[in-house]
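FYI, it's all coordinate maths here, none of it is from the lab. Only a predicted model underlies this, so the values are computations on that prediction, with no experimental measurement involved. With ideal geometry, Cβ positions are generated from the backbone for all residues, glycine too; neighbour counts draw on all protein chains shown.
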Amino acid sequence: MVRSLVEVKNLVKHFPIRGGVFLKEIASVKAVDDVSLTIGEGETLGLVGESGCGKTTLGRLILRLEEPSSGEVFFQGKNILLLDKEQMRSLRKDMQIIFQDPFSSLNPRKTVSHIVGEPLLVHGLRSRREREERVLELLRVVGLRREHMRRYPHQFSGGQRQRIGVARALALHPKLMICDEAVSALDVSIQAQVLNLLKDLQEEFGLTYLFISHDLAVVEHVSDRLAVMYLGKIVELAESFQIYQSPLHPYTQALLSASPIPDPAFRRDRIILKGDVPSPIDPPSGCRFHTRCLYAEDICTQKEPQLREARENHLTACHFAGSVGVH
Amino acid sequence: MTSLSPSKKSPEDRHPFVDQLERLWRNKTAVAGMIVIAIFIFTALLAPLLSPHDPVDTALYDQLKPPIWSAEGRSENLLGTDDLGRDILSRLIYGARVSLLVAVVTVGIGVLVGSLLGAISGYYKGFLDNIIMRFMDILLAFPHILLAIVIMAYMGPGLRNAMIAIGIIYIPRFARIVRASVLEEYEKDYVAAAKAIGAKDWRIIFVAILPNCLAPLIVQTTLGFASAILDAAALGFLGLGAQPPTPEWGAMIAMGRSHILRAWWVMTFPGIAILLAVLGFNLFGDGLRDALDPRLTD
């Protein structure tokens, strides 16, 4: 396997819920609960799961935009959680993020030139002229033109704004790029454009992507490996073709059966999950999926399954991995 | 419907500021307020050219002369004279200077200190926020004129101290407004983006967030001018603000109070001046609120 760029070990993030007169912690939202994974240099790791399963929080934790409750994040072998503010600031050059909402991720009061040039300014490129040149180059890379520089975000379409966001993220030549639902807010035709742009950029700059999405078709298109999250935990992690061909976890199987296939003649058995995602404030005992699982047995309510190698290079957290469901 | 000529910019292409100015211009009461404010500022700046007499020049034989339109009125003193024979119109014109100075300085103190505290509070949250905002709550818990009097009692009377006192009591209202907007803006992704590029805290607060909090701040500043003029007049009336012979509207009313039955004009005209100035700023402030932030409209 290639060298790992990011290594996440037992990462936990609980958001406290405070109440009462003295604002005591009365409960917590277990957004990310004991997640471990690695992202290899130059690869694209897809991260899928329903809304509210902790995908976005995981992405932000890796960038240290949020402080984890416990666990470790290694970037190029260094534990970034031990870095002080100043060291962290200079490390941010290497890790960037593209946001889901192209409307709130760009400051409405700044011109494109300012937005894309700010990372350069922050990291010491003082000369305005050099900055503008770099901005121009970046805009060209993402397919925008010179006359766009002086405009404000509200003058662009969603796809164009997302390109501005990509240009900003690229400005510092990062190694890791977290794409947090980067194309979910866009029309399908624009999605394809931006996805292809991201792929081209990966080849050109040797980027590593953590590609967070709820859209299985999009993730299949871009990722080398795939992690499936459910209620703050990773339930399955493998090469993406393995997961698409033979998912082991019942949750993944249900997810895949729900994703549409562009062939009207094709009929398949859909697995319909019952109920809603349980609350992350009070997750179910044992296996978190047991409340909705078709194959749940007694052990699932009592013992939490560990993420284990059920097949070669195919990790899954299910007691009955490989023996239940569609194969 | 969409028969816009090609030369005209599409609505999406215009800066929101243009729309806001248009909305403001269509609001007739706001325009009226703007005119009053313009006259007020114009008068204050050009006081030496406009006033017919020296505002502190006493004339012992011309005490309490009525305005020109009454039977005993004289053309030298259009609005009459006070009990020391000073020309009321000239004192009103110079009084506009004092009021404008007070308004700018006090609101300036309030906006600068208040925005700083509010922004820090809203950005860092937690313990610091609690300390700052509880202190602001304490300031707000006092009736504000009473608090100003307490501060004046400590520092001594005088226009400069009055401005400081009123400035201090204006800090909390600006701090609260800025804090609320910063809290709202903080959740937006562009703030996370600024963090992700490694921007320092001061840059995130002052370069990224604060420019997006300007709309409510501008509105509150305009309304603040109105109450600053009113509060300065109140302190002047109580004898704590501008000291004689400075022509200050509140102090003029206080002086005229004892002659109200014999010479109504001595305290009526400064009263009208205060009313107009405060009304002007309030109307304009309300119009600004409607124009800048349609969500806030009642």
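Taking the Cβ of each residue in A:His14, A:His123 as the centre, tally the other Cβ atoms inside 10 Å and list the residues starting with the fewest.
A:His123, A:His14
What are the membrane-span-like helices in chain A by this rule: whole DSSP H runs, Cα extent along the axis at least 24 Å, mean Kyte-Doolittle hydropathy at least -0.5?
Taking the DSSP H segments of chain A (at least 24 Å long, mean hydropathy at least -0.5), we get A:188-205.
How long are the semi-axes of the ellipsoid equivalent to the stretch A:16-56, from square roots of 5 times the Cα gyration tensor eigenvalues, in whole Å, largest first?
That gives 33, 11, 7 Å for the three semi-axes.
Order of B:Ile260, B:Ile151 from fewest to most other C-beta atoms within 10 Å?
B:Ile260, B:Ile151
Based on the inverse mean of 1/r over its pairs of different Cα atoms, what is the Kirkwood hydrodynamic radius of the stretch A:245-327, in Å?
It works out to 13.9 Å.
Check the straight Cα-Cα distances from A:Lys85 and name the lysines below 19 Å, setting aside those fewer than 8 residues away within the same chain.
A:Lys93, B:Lys125, B:Lys195, B:Lys200
What size of dipole, in debye to the nearest 20, comes out for chain A about its Cα centre when the only charges are +1 on Lys and Arg C-beta atoms and -1 on Asp and Glu C-beta atoms?
Dipole about the Cα centre, nearest 20: 1240 debye.
Using only atoms on other chains, find how many Cβ atoms lie within 10 Å of each Cβ of peptide B:200-210 and report the average.
So the per-residue partner count for this stretch is 2.
Using the Kyte-Doolittle scale, find the helices of chain B whose mean hydropathy is at least -0.5 and whose Cα atoms extend 15 Å or more along the helix's long axis, counting only whole DSSP H runs.
TM-like helix candidates: B:28-45, B:88-124, B:126-141, B:144-155, B:159-186, B:214-237, B:265-292.
By what distance, in whole Å, do the Cα atoms of the protein assembly as shown stretch along each of the three principal axes, largest value first?
113, 61, 47
For the pairs A:Lys30/A:Lys274; A:Lys30/A:Lys199; A:Lys24/A:Lys55; A:Lys55/A:Lys303, note any where the Cα-Cα span goes beyond 30 Å.
A:Lys30/A:Lys199
If you average the alpha carbon positions of the stretch A:201-244 and of the stretch A:292-320, how far apart do those two centres end up, in angstrom?
Value for the Cα centre distance between the two parts: 21 Å.
Under Stokes-Einstein, with the Kirkwood radius over Cα pairs standing in for Rh, what whole-number D in µm²/s applies to the stretch A:226-279 at 37 °C and 0.692 mPa s?
Reported coefficient: 265 µm²/s.
Charges at C-beta only: +1 for Lys and Arg, -1 for Asp and Glu. How large is the resulting dipole of the stretch B:76-185 about its Cα centre, in Debye rounded to 20?
Dipole size: approximately 280 debye.
From the residues B:Ser121, B:Ile197, B:Thr58, which one has its Cα farthest along the dipole of the protein assembly as shown in the positive direction, the dipole being from +1 and -1 charges on Cβ of Lys/Arg and Asp/Glu about the Cα centre?
Farthest towards the positive end: B:Thr58.
Rg to Rh ratio, chain A, alpha-carbon atoms and Kirkwood radius?
0.99
With N set to the number of residues, divide the alpha-carbon radius of gyration of the stretch B:221-279 by 2.2 N^0.38 Å and report two decimals.
The reported ratio for this selection is 1.11.
Could you tell me which of B:Leu183, B:Ala165, B:Phe206 has its Cα farthest along the dipole of the stretch B:163-210 towards the positive end, charges placed at Cβ (Lys, Arg +1; Asp, Glu -1), taken about the Cα centre?
B:Ala165
Neighbour counts of other C-beta atoms within 10 Å: give me A:Met88, B:Met152 arranged from fewest to most.
A:Met88, B:Met152
Mean separation of Cα pairs under 8 Å and 6+ residues apart, divided by the residue count of chain B: what relative contact order is that in percent?
It comes to 24 percent, rounded to a whole number.
Using unit Cβ charges (K, R positive; D, E negative) and no other charged atoms, how large, in debye to the nearest 20, is the dipole of the stretch A:245-327 about its Cα centre?
180
Find which of B:Ala32, B:Leu92, B:Gly80 sits farthest along the positive direction of the dipole of chain B, computed with +1 on the beta-carbon of Lys and Arg, -1 on that of Asp and Glu, about the Cα centre.
Farthest along the dipole direction, towards plus: B:Ala32.
Using DSSP loop states and a limit of at most 11 other Cβ atoms within 10 Å to flag GluC sites (Glu not before Pro), what is the longest stretch of chain B containing no flagged site?
B:73-186
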